[in-house]
Amino acid sequence: MDKRVIVITGGSSGIGLQTVRQLAAEENNHIISFSRSEEKMRKALKEIGEKDNINYFGGDITKKDDCQKFAQYVEANYGKLHGLVNNAGIITNGGIEMIDYETWKYNLEVNLNGVYLFTRCVLPLLRKAQGASVVNVSSVASFKPGRSIAYSVSKAGLDMLTEFLAGDLAPYKIRVNSVNPGLVVTPLHLDNKIFDKKAEYEEMLNKSAEKYPLRRIGKPGDIANLIEFLLSDKASWITGSIMKIDGGVTISNDLIPPKENN
Ligand SMILES: NC(=O)c1ccc[n+]([C@@H]2O[C@H](COP(=O)([O-])OP(=O)(O)OC[C@H]3O[C@@H](n4cnc5c(N)ncnc54)[C@H](OP(=O)(O)O)[C@@H]3O)[C@@H](O)[C@H]2O)c1
């Protein structure tokens with residue numbers, strides 16, 4: 001049987017890396033991790049252990065040339081693409097008085113425009129698979145204003161892109177869905193300097209966990225499990241869905257706080 005070829009953008013870290021790890025455990029999958037730093041990817045894949053069904057491709061989803069080169073590489077080596085996980089993303093902190101226009105634009109460039117560009121470049125390969133699945137990694141920040149104006153707006157735009165593409169690509173049997181995580185422990189917040197000190201970040205994690213009805217922050221594997229499902233044939237009737245995966249944080253509110261443990 002032909003292997004399922006799946007690309008994961010931002011596969012060198014956090015949610016993307018765990019998704020690479022889980023999907024590669026299935027021998028019938030061939031996983032390609034796409035992100036900017038080849039060194040980071042080399043290290044990450046070393047951590048997973050020698051596997052001949054994973055490789056990586058260095059590139060930036062905001063650069064047309066990189067995305068086109070990647071599409072040519074897949075065309076030449078695999079001929080088609082069965083799965084695309086648009087996971088690469090960045091975060092900035094603050095509202096309109098804190099974030100300058102350049103920062104705003106760059107956040108949208110990566111989290112929204114980059115997804116559009118990358119998807120458009122690989123679309124002919126997805127069409128050839130006749131039943132491909134695209135999963136966009138969004139956030140619960142898309143549902144209501146959080147701490148970052150640019151991040152929330154980029155993810156709200158991404159949710160609409162998901163719905164639009166689901167309709168656009170249904171004639172080719174390509175399914176498109178979003179997963180919208182709550183807070184997940186990954187390098188995202190420290191790498192993007194949302195917190196200067198690790199201790200501050202850890203304090204935030206502890207405080208935040210109390211606000212989650214299930215009383216814990218997410219793990220990359222929680223999200224990878226849902227991505228894995230959406231890529232599989234078990235999800236063959238799901239498209240255009242925006243799926244919260246957040247330990248219940250979006251149903252928790254000040255009127256009905258989470259119950260204390262007995
Ligand atoms: N962690 C959370 O609490 C949380 C919650 C909700 C949603 N999310 C979303 O989950 C996704 C993954 O985040 P994470 O938490 O796993 O973060 P992470 O550990 O920082 O991983 C981000 C990945 O994106 C890659 N990347 C960033 N900019 C890129 C670009 N221009 N082109 C290609 N690759 C790029 C990074 O690799 P390079 O630096 O090598 O490019 C890295 O592999 C993001 O879309 C994020 O918004 C995260």
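The values are calculated or read from the model by the stated rules, or taken from the named source; none is laboratory data. Model, not experiment: these values are computed from the prediction. Methodologically, a virtual Cβ is constructed for each residue, glycine included, from the backbone with ideal geometry; neighbour enumeration extends over all protein chains shown. In case anyone asks, the SASA skips ligands and DNA or RNA and just uses the protein heavy atoms, side chains included. Shrake-Rupley method; radii C 1.70, N 1.55, O 1.52, S 1.80 Å.
Can we say residue 138 is near the ligand (Cβ under 8 Å from one of its atoms), in contact (Cβ under 8 Å) with a residue 60 or more places away in the chain and buried (at least 24 other Cβ atoms within 10 Å of the Cβ)? Answer is yes for this residue. When 89, 95, 83 are checked against the criterion of being within 26 Å of residue 229 (Cβ to Cβ), away from the ligand (no atom under 13 Å from the Cβ) and either in contact (Cβ under 8 Å) with a residue 24 or more places away in the chain or touching a strand residue (DSSP E or B) at 6+ places or on another chain (Cβ under 8 Å) (or both), a single residue qualifies: 83. A single member of 109, 102 is farther than 23 Å from residue 250 by Cα and open to solvent by 70 Å² or more (accessible area, probe 1.4 Å), and it is 102.
Here is the figure for region 21-55: residues that are open to solvent by less than 70 Å² (accessible area, probe 1.4 Å) and near the ligand (Cβ under 10 Å from one of its atoms) total 6.
Please go through region 149-173 and pick out each residue that is open to solvent by 10 Å² or more (accessible area, probe 1.4 Å) and polar (S, T, N, Q). 152 - this is the single residue of region 149-173 that is open to solvent by 10 Å² or more (accessible area, probe 1.4 Å) and polar (S, T, N, Q).
Residue 147 meets each of the listed conditions (1) in contact (Cβ under 8 Å) with a residue 24 or more places away in the chain; (2) in contact with an Asp or Glu (Cβ under 8 Å, 6 or more places away or on another chain); (3) within 12 Å of the ligand (Cβ to nearest atom) apart from (2).
Every condition in (1) within 12 Å of the ligand (Cβ to nearest atom); (2) farther than 28 Å from residue 249 by Cα; (3) surrounded by fewer than 20 Cβ atoms within 10 Å (Cβ to Cβ) is met by residue 67 except one, and the failing one is (3).
Taking region 155-262 as the region of interest, the helices (runs of 4 or more DSSP H) fully inside it that hold 3 or more residues being under 21 Å from the mean Cα position of the chain (by Cα) and away from the ligand (no atom under 13 Å from the Cβ) are 220-231. Scanning region 217-228 for any residue that is open to solvent by 30 Å² or more (accessible area, probe 1.4 Å) and more than 26 Å from residue 20 (Cα to Cα) turns up nothing.
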